[in-house]
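Data first, discussion second: the structure below is written as C-alpha cells.
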Amino acid sequence: MKIEGGLLGKDNSVTICYFPPIIMSVLLRAFVVGYTGETGKALVKALAKDSRYDAVTLIGRRQVDKIDYGVESDVAEKKFSQHVLDFDKLDDHALLFSDADVGFVALGTTLQKSGREQMRIVDHDYVIKIAELSLASGCKELHVVSS
C-alpha cells in the first residue's frame, strides 16, 4: 500500500513511504502513540475488541493508571502494555516500534496550549521520527490521525 501525499519536510520536500500489505491470516501486533486523547482512547477501545490484534504497545508522554479498554481487565492486561517516554529522545526507544505489524499515531496539541513551535514539533517532527523508526523496524502499516 502506498501512502499518498507523503510526509512534508521542513524544506517542503515530500517523503513517500511504502509499506507492503499485511497478510490477514496471522495475529497482528500494533503500537499506538498518543493514546490519552479522545481519538487515542477510541482507537484503544477498538483494538481491545478486535481479535486480529493480540499485542498492542501503548506509547505516551505520561502514565495513565486507569485505562478504559471497553473489555474485561484480564483480556486487556494480556493484550496491552503501556510505555512512557520522552518524545525528544525517540531514538532511545526504537525497540518499542520493533515487531509491530501496524502502527497508529494520534499525537496532537493545540496552538493555544503549546505555541506554534511546540505544535510543529508534536504534530510534525515527532510523527516523522515515528514513521522513520517504524519503517526501519519493519512495520508494514502506519496510520496517522491529525487535525
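Structure summary
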{"quantity": "Residues that are in a strand (DSSP E or B) and either surrounded by fewer than 16 Cβ atoms within 10 Å (Cβ to Cβ) or not β-branched (Val, Ile, Thr) (or both), drawn from segment 28-55", "calculated": "Leu28, Arg29, Ala30, Phe31, Tyr53, Asp54, Ala55"}
{"quantity": "Test: residue in segment 90-98 that is in contact with a Gly (Cβ under 9 Å, 6 or more places away or on another chain) and more than 18 Å from Glu38 (Cβ to Cβ)", "calculated": "yes"}
{"quantity": "Flag for Glu132 being free of Cβ contacts under 8 Å to residues at least 40 places away in the same chain, surrounded by 13 or more Cβ atoms within 10 Å (Cβ to Cβ) and outside any strand (DSSP E or B)", "calculated": "yes"}
{"quantity": "Matching residues in segment 99-117 - criterion: being surrounded by 15 or more Cβ atoms within 10 Å (Cβ to Cβ) and either among the charged types (D, E, K, R) or under 16 Å from His143 (Cα atoms) (or both)", "calculated": "Ala100, Asp101, Val102, Gly103, Phe104, Val105, Ala106, Leu107, Gly108"}
{"quantity": "Total residues in segment 33-65, condition closer than 16 Å to Lys78 by Cβ and of a type in the set (Val, Ile, Thr)", "calculated": "3"}
{"quantity": "Residues (touching a His at 6+ places or on another chain (Cβ under 9 Å) and either among the hydrophobic types (A, V, I, L, M, F, W, C) or under 15 Å from Ala100 (Cβ atoms) (or both)) located in segment 49-86", "calculated": "Thr57, Leu58, Ile59, His83, Leu85"}
{"quantity": "Pair list, Cβ under 6 Å, 6 or more apart: segment 30-42 residue closer than 13 Å to Thr109 by Cα, other residue surrounded by fewer than 18 Cβ atoms within 10 Å (Cβ to Cβ) and at pLDDT below 95", "calculated": "Thr36/Val64; Thr39/Val145"}
{"quantity": "Tabulated pairs, segment 102-119, first over 16 Å from Ala30 (Cα atoms) and among the small types (Gly, Ala, Ser), second modelled with pLDDT under 85 and outside any loop (DSSP other than H, G, I, E, B), C-beta under 9 angstrom, 6+ apart or interchain", "calculated": "Gly108/Met119"}
{"quantity": "Sole residue being at pLDDT 95 or above, surrounded by 10 or more Cβ atoms within 10 Å (Cβ to Cβ) and at negative phi, chosen from Ile59, Ile22", "calculated": "Ile59"}
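This table checks each residue for (1) in a loop (DSSP other than H, G, I, E, B); (2) surrounded by 14 or more Cβ atoms within 10 Å (Cβ to Cβ); (3) at pLDDT 85 or above.
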site: Tyr69; (1), (2), (3): yes, yes, yes
site: Asp88; (1), (2), (3): no, no, yes
site: Asp91; (1), (2), (3): no, no, yes
site: Met119; (1), (2), (3): no, yes, no
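The values are calculated or read from the model by the stated rules, or taken from the named source; none is laboratory data. Every value quoted in this text rests on a predicted model; they were computed, and no experiment measured them. Every residue, glycine as well, gets a Cβ built from its backbone with ideal geometry; the counts of neighbours run over all protein chains shown.
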